[in-house]
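Okay, structure first, notes after.
The values are calculated or read from the model by the stated rules, or taken from the named source; none is laboratory data. Just so you know, these numbers come straight off a predicted model, no measurement behind them. Cβ sites come from the backbone with ideal geometry, for glycine too, and all protein chains shown count toward neighbours. What goes into the accessible areas is simple: the full protein's heavy atoms, side chains included, and nothing from ligands, DNA or RNA. Shrake-Rupley method; radii C 1.70, N 1.55, O 1.52, S 1.80 Å.
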Amino acid sequence: MTVTPEEPARLVRYYFTLPEPLAVPDGYSWHETYDHAPGNGIQKFVNLTFTQMSGASRQQAIMVATLESLNRAKGETGNPGASDAEDLTGQYTTVIATTFHYANQEIVSEWISPQDVPAEHDPLNRCIEAISKFIRCYRTAFEAPCAVPTYEKIGPLVPFETGKFSAFSSNEEHAGFQISEWDAGGTIMLHHANFSDFPSGIEIAPEHEDRLLYFRRMLDQGNPLFLWKERYVEARGALYKEGNYGAAVTLSNTASEVLLDGLLGLLYWELGRKPEEVATIFSEGRLARRVKSNFSELLGGNWSLDGAGPISDWFHKCYRLRHRVVHGGYSPSRLEAEVAAQSALALSSYCWERLAERRKKFPRTAMMAISEEGLRKRHKWCGSMQKFMSEVAPREPSWLDAAQAWRQEMHAALLADK
């Protein structure tokens, strides 16, 4: 197999430092070929060379920061305790991944996010996929609980070099990997949110204190309105920071199920239904039935699991996908995980929209789940709600406490029936 002079092939090699060291010998090499070929007919391959280095560990930087905080708290200047962390050395594994520089730009341009481009059409994703597959095989073969690097766990800056492809003999081992020389390279910045050295989220301001205290109270109660949001935030973290797409799907669906059952419980609580009367509705394995019948009855709207709409999208793109991941061992793509997370968020938005429409029937639930601010954003803050909050709400005991007590009784009755 030769390269035509009019269309010379080029190579690219990336330098990936893994998120944690891997126990392979320094200089260890792994070569993988692919059936698909670029336009010039040369078989694609990825060659991985593992290099081991030692230096200041990640824990050393953490300890230095901790000691500096300790000294600051004591009113001392400088950082005299930093020397205590100097012996905390660590090991680092860098993979030099080499492949063809060829990329199908017409296909690449079809994707919004660069990490979604199929590996056969993008050299960077092809190398990350090869590293991931190697480490998945390694950890399974040796039962080693090591991290599998994903696009989101690598970088954010990855150095690279390009080189000229040299002719080779068909008898050469790893044929096609030899090159005549490497050109000057550069650095590519990956498109993800995994910047672990910098905080994510907004900085706390005085006006946020009441919001924090409200959520703290819900956390102490195990309130599902807190728990669904927490699972959803974890799903986003798994998706955008960790690159753990399977976990993102399962967490997105968990968040959705917590939201649906939590909201349904609040509706029955506000209707004054006795916990033991409705406990069987919340039986395991009946979520789809609850969505189709109970929500439609209480909140109105379209809760069909088929057709078009946010409920159907969630059921097919999140709920069923989670089943494949959990019970079939399926590894979803980043795009599938993102769609699942988006469908979970769309589901919550639809729940709040329907609740806002039924705010006069469920004013307590609406205020706990949406609040005045949320109703105003939806143009649903009306005179009846103002009157309820000024004349009725102040005379009633804590809704959070009452709803939590109702949930506990309902779960106790549900367990008693098993």
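Over the chain, the ratio between the Cα radius of gyration and 2.2 N^0.38 Å evaluates to 1.27. Take the convex hull of the alpha carbons in segment 270-380; its mean projected area over all directions comes to 8.3 nm². Here is the P(r) of segment 355-404: all C-alpha pair distances, binned every 10 Å from 0, give 27, 58, 16 in whole percents. Each Lys and Arg contributes +1 and each Asp and Glu -1, all at the Cβ; summed about the Cα centre of segment 274-418, the dipole is approximately 280 debye.
Could you calculate the contour length gain from L400 to Q52, that is, 0.36 nm times the residue separation minus the distance between their Cα atoms, to one decimal place in nm?
Separation in residues times 0.36 nm, less the Cα-Cα distance, equals 119.8 nm.
Between E181 and A393, the simple label model (points 7 Å from Cα in the Cβ direction) yields a spacing of 7.5 nm.
Return the FRET efficiency for the residue pair S349, T77: r is the Cβ-Cβ distance, R0 is 51 Å, and the value is rounded to the nearest 0.05. For R0 = 51 Å, the calculated efficiency reads 0.50. With point charges of +1 on the Cβ of Lys and Arg and -1 on the Cβ of Asp and Glu, referenced to the Cα centre of the chain, which listed residue (V233, S256, V326) lies farthest in the positive direction of the dipole? After comparing all options, I get S256.
When the solvent-accessible area of the chain is split by element, carbon and sulfur atoms take up 52 percent of it, the probe being 1.4 Å. Could you tell me which of the pairs K292/K377; K229/K361; K292/K361; K361/K387 are separated by over 18 angstrom between their Cα atoms in the structure shown? Going by Cα-Cα distance, K292/K377; K229/K361; K292/K361 fall outside the 18 Å limit.
Starting with the highest mean, order 61-68, 298-305 by the number of other Cβ atoms within 10 Å, averaged over the residues of each peptide. Let's see the in-between values first.
Working: 61-68: 15.2, 298-305: 16.8.
Result, highest mean first: 298-305, 61-68.
Across the protein chains, with a 1.4 Å probe defining accessible surface, the residues T77, T93, T162 rank T77, T162, T93 from largest area downward.
Computed from backbone phi, the HN-Hα couplings of segment 118-132 come to x, 4, 5, 10, 9, x, 5, 5, 5, 5, 4, 4, 5, 5, 4 Hz, rounded to whole numbers (Karplus: 6.51 cos²θ - 1.76 cosθ + 1.60, θ = phi - 60°; Gly and Pro given as x). In the chain, the DSSP-assigned H stretches of four residues or longer account for a calculated mean residue ellipticity at 222 nm of -13000 deg cm²/dmol, using -39500 (n - 2.57) per stretch and the full residue count as denominator. Cross-link partners of K133 among lysines, defined as those whose alpha carbon lies under 23 angstrom from its own and excluding same-chain residues fewer than eight positions apart: K44, K153, K241.
List residues of segment 237-270, by number, whose backbone nitrogen lies under 13 Å from a label position 7 Å along Cα→C-beta of S331. So the set is 244-247. Give the calculated FRET efficiency between R136 and L157 to the nearest 0.05, with a Förster radius of 22 Å applied to their Cβ-Cβ distance. Efficiency for this residue pair is about 0.35. Can you give the percent of C-alpha pairs in segment 318-418 whose distance is more than 16 Å? Looking at segment 318-418, the distances longer than 16 Å represent 69 percent of pairs. Please work out the FRET efficiency for the pair D35 and K360, using the Cβ-Cβ distance as r and a Förster radius of 45 Å; give the result to the nearest 0.05. Once rounded, the FRET efficiency stands at 0.10. Mind telling me which of W269, W314, W111 comes out most flexible in a GNM of the chain, alpha-carbon contacts under 10 Å? In the Gaussian network model the winner is W111.
Let a ≥ b ≥ c be the square roots of the eigenvalues of the Cα gyration tensor of segment 190-280; is it rounded (a/c under 1.5), or, if not, prolate (a/b larger than b/c) or oblate? In terms of gyration-tensor shape, oblate. A protection proxy built from the mean count of other Cβ atoms within 10 Å ranks the segments 398-404, 282-288, most packed first, as 398-404, 282-288. Reported to the nearest whole Å, the Cα centre-to-centre distance from segment 293-312 to segment 404-418 is 26. Across segment 46-59, rounded Karplus estimates of 3J(HN,Hα) from the backbone phi angles (6.51 cos²θ - 1.76 cosθ + 1.60, θ = phi - 60°) give 9, 10, 10, 10, 9, 10, 10, 9, 10, x, 4, 7, 4, 5 Hz, Gly and Pro being marked x.
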